[in-house]
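Heads up, the thing below is written out as structure tokens.
Just so it is clear, none of the values below were taken in a lab; they were calculated from the coordinates. The structure displayed is predicted, hence computed values, not measured ones. As a convention, Cβ positions derive from the backbone with ideal geometry for all residues, glycine included, and neighbour counts pool all protein chains shown.
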């Protein structure tokens, strides 16, 4: 019987990047080099490591379609493959290099809106919105319907433990039951007026703020998630919990997504990442480059192969 | 196996409209939830627009009221003009012509003034005291009244009376719109009213007086107080009053000594009309030296007199007064004016003495003559003949030698002392002694005096040819020639009969004024009135230069309002711009993450602009609400509220147009001020916006 499983293309591929930044005010410049091919497959949790000033964030801005590569002629490959919403086994292949060359900014914005999520160092939740509204923002931007939004937000509130009443810890089984198919359920605690979910973000603790940021980053189920210094606002334990949740939600077999994490913490990177991209400053010039790409041990045997995952080239 | 790759397409309407509503919702939430920051911006924009709104309200209210008040003020609309330069005397017809020639003329009031005296009412206290003292002393009230009258006499209040007409703006500004002539209404200044102890509606006495030569007389009339002019106001000066023009005309007539029938006031004693004669009879002896010479005729012609010999035997004989010798020895000439002066009468101005002295004819004699007239005496038509012969002192008196013994005539002294005398040359005693009523006119009759009846019977006892008279002619009655002259003048409409004084007086001529005050509809009509009057050679006095100043100030004010509004608006845009730039800078991170999440540049632009629009809308609402409140406060009369008693009442009118303008201005101010910040926000590099330019 012929197998119906399709091969999973790399979610993101980049080769030949030479991105130069110029600060006219300071008359300074900095260049990031990616000379080897970076290819990231579905469910990869990539750690971007390196000392300060080696270009990690700059590389993130290019990978995250936040900035156009400076020298498009030198860029060999920059591709993105995202799942087709209408087909179980189809993928959309986007030549990002061409999109930048043709200045297809609307396409770029759309790609970023639909397939990318960001949990940056400063977080930058929208201060005029509540926790719920911040998390729902990407869903609204992508045209989700209201019931689906409510359901997804509730799910994330629960998963990131953001559904408590302020001052209380409430375990909300109601929607769990709903998710599992039980017929009726009492009003979720997260809907109560004094629930954390209905609080404005300026009332959140540092850990809550970071968790909301992470929840927002993955709320619309993006293919690529960028996390920048997750431990900056959290202690190690809280960061560990948040990243575990993130990995569970983003890199499970049902999702065809990857996660980039910029960090200085080697231990954290080794704990969560299966791919390490190491950057280092270049000698004799203000530049940074990717010096090493290490794919760590294979996925744990208890993590089942997602239907879309196949070895490249098979 | 290779992956199943399909092309990635981007639909055109990729939920764009939905995202647009999302952007608007985000902007609205930003406005409402970040209220502490938003309210400051709303207050700033509202505060920028509010002065303009109030300024417009002041322009529509206070300034418009001032202008309206000025435009319709009596002083502003008044034009004083005189006939001094070369303008016509201001008779009724001339005034009518002026009013018809100048557009938008409300009223023309000829200026007339007269000094009268108000008689104060005795005070109630004074009356009580007088009555009490009279009772205790046993005096009757009349002596008490005499005392109070004497007091009133001493305290007579001088009133300078001016003419007015109903609708006089000068009085209208104090609520006095009408004034009646028949009831003799008068408006007085406060000081006069207080002195007279009268209030509106009260009657009070006014003494009027007139003087002719050494003769003086006074009368008292009752007037009704119509209104009081406030103190220290225009027209409310000391001792002044206003009466209807008709009343002033009657006072003027009274002052000339004429009778005022409307007030039952007789003409002044001695104010008798002058008797005028259109012809004279010149008697001279026949002969070369006695008759009129050629030179005499030339002289008479030079005096404007025609000379013709009288052929009528009645006239020659003075209706039987002269004997037959007079017919033979005397020549009788009729002297009359060559040129007719005017319709009605052409009197001879020269005196008989002047003519006689200058003729070469010896012993010529002139008798004033009027053609006989028909009048009824006791109902029977008679022919009145005027026979007054000069005295010896006047002309030598030689004509008396030619008089019949029974001739009935009057002497000069008799005529002057009593012109209303009568003798009958042909009457029979059966006619009776009288009284004889002469019908001067169809409405007026007067009883004539007659000489002693016994003398008349004796005279009538000897019938004569003269006494018989022509059998088919009217019966003749002889009256003094001056009575006949008056009757001629009466028929000519030059005199009227004064029954009270039993004399003929001149008919008062129509009063002509030399000065008048004209009121135009508004001050804008004054210049053209001034121009017209000046073109008619009237001297003119008006506020036209001041009015030109007001127009100039009005234009300046409009320009000022425009400049201030423009300046404030421009300043507002700059302020909003700087506030929103600052606000956008503060929201860089939020804008950055929204861009990172995929909101397009247009989306960011829309959000910033919409947010500013909402702020502008709220600012407009706040501005209008505060504006209404402030306008109401300024309009309110707080004079009774202690702490706010200082506040004047200022009219501020906010029209819907101005409110719409200001609301639009607030929206425009906010929107324009937000354009550059919105463009700047949309152009932010997403990552730079988050990291503020840091790279690593």
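Need one word for region B:268-320: rounded, prolate or oblate. Basis is the Cα gyration tensor (sqrt eigenvalues a ≥ b ≥ c); a/c below 1.5 gives rounded, then a/b vs b/c decides. Write out the running numbers ahead of the final one.
Numbers: a/c = 2.82, a/b = 1.54, b/c = 1.83.
It comes out oblate by the Cα gyration axes.
Across peptide A:124-135, the mean count of Cβ atoms from other chains lying within 10 Å of each residue's own Cβ comes to 5.
What's the FRET efficiency of residue B:211 with residue B:357 using the Cβ-Cβ distance as r and R₀ = 51 Å, to the nearest 0.05? Provide the component values of the computation, followed by the final result.
On the way: r = 36 Å, r/R0 = 0.70.
For R0 = 51 Å, the calculated efficiency reads 0.90.
Other protein chain C-beta atoms within 10 Å of residue C-beta, averaged over B:585-594: 4. Listed peptides B:584-597, A:30-43, B:400-413 appear in the order B:584-597, A:30-43, B:400-413 once ranked by packing, highest mean of other Cβ atoms within 10 Å at the front. Peptide A:59-71 is shielded by partner chain Cβ atoms: per residue, an average of 2 of them sit within 10 Å of its Cβ.
Among A:160, B:566, which comes first, then next, by fewest other beta-carbon atoms within 10 Å?
The most exposed by this proxy come first: B:566, A:160.
In terms of other Cβ atoms within 10 Å, B:502, B:294, A:56 run from fewest to most in the order B:294, B:502, A:56. Working ranking of peptides B:516-523, B:373-380, B:262-269, B:575-582 by packing, defined as the average number of other Cβ atoms within 10 Å per residue, highest first, is B:516-523, B:575-582, B:262-269, B:373-380.
When the Debye formula is applied to the Cα atoms of region B:606-696, each taken as the same point scatterer, what base-10 log of I(q)/I(0) results at q = 0.18, 0.23 Å⁻¹? Taken in order of the listed q values, log10 I(q)/I(0) reads -0.85, -1.03. Sorted fewest first by neighbouring Cβ atoms within 10 angstrom, A:272, B:81 come out as A:272, B:81.
Of the peptides B:20-26, B:296-302, the order by per-residue mean of other Cβ atoms within 10 Å, starting with the highest, comes out as B:20-26, B:296-302. Note that region B:489-605 shows a convex hull volume over its alpha carbon atoms of 268 Å³ per residue.
Report the Rg/Rh value for region B:268-394, based on alpha-carbon coordinates and the Kirkwood definition of Rh. Let's see the in-between values first.
Working: Rg = 15.8 Å, Rh = 15.9 Å.
Rounded to two decimals, Rg over Rh is 0.99.
Out of every Cα-Cα pair that region B:585-640 contains, those further apart than 19 angstrom amount to 54 percent.
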